[in-house]
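Q: Next up is a structure, given as structure tokens.
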Amino acid sequence: MADKSLVGEMLQVQLAIELIELGARLQVLETETELSRGRLIKLYKEVKGMSPPKGMLPFSADWFITWLPNVHSSLFYNIYQRLDQELGCERMSAFVKAYRLYLEQVELDGAEPTLGLTRAWTLVRFFESDLLQLTRCQSCHGDYVAHAHSPRQGYVCGICQPPSRAGKTRRSKAADAQALEAASEETQAPARRVAN
């Protein structure tokens, strides 16, 4: 980095800060910036107020194929591909913008983001390594993440044909139970008033 200009170094630091704020792991920062590991750790501590998390990065392409992750991964990757290929954004700029747009869309829908930044980065790397491909749904004509070299003909996405347990997460069960409890309390309150 000694031969780099101050502006180039500043841009690298700015990218690292953006990635850290969005939840990037240290391995992502090391791969995508030219900053030293020591500087990245110091920067991470300064931005987040704690040491970077340790552990391995996700390494299985199968996660992106399961129902809910597939919907979120497909949304993110379609945004990324549009920015990268059709609008000509630089790779990491397209990545950061696509991830921000993904988060905005999920928030507008009132849902929780399933795809963390590190998983989104891994998804892009899997596409670059030809482990995954986009496959068009014959029903809705949307493009969805699928294993590379899997048959494209007759593909139906998880939105058009959801699995039987789709959407039955612990969080949704807890929310349903809470709504049911609130509804029963509301129906019991008028009965109590009438009795008094």
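Readers should treat all values here as calculations from the given coordinates under stated rules, not as data from a laboratory. Keep in mind that this is a model prediction, so the values were computed, not measured. A quick note on method: Cβ atoms are made from the backbone with ideal geometry, for glycine too, and the neighbour counts reach across all protein chains shown.
Q: What share of all Cα pairs of region 1-103, in percent, falls into each consecutive 5 Å distance bin?
A: Cα pair-distance distribution for region 1-103, in percent: 2, 11, 18, 19, 21, 15, 9, 3, 1, 0.
Q: If r is the Cβ-Cβ distance from residue 41 to residue 178 and R0 is 35 Å, what FRET efficiency results, to the nearest 0.05?
A: With a Förster radius of 35 Å, E is 0.30.
Q: Subtract the Cα-Cα distance of residue 11 and residue 50 from 0.36 nm times their separation in residues, and report this length gain in nm to one decimal.
A: 11.7 nm
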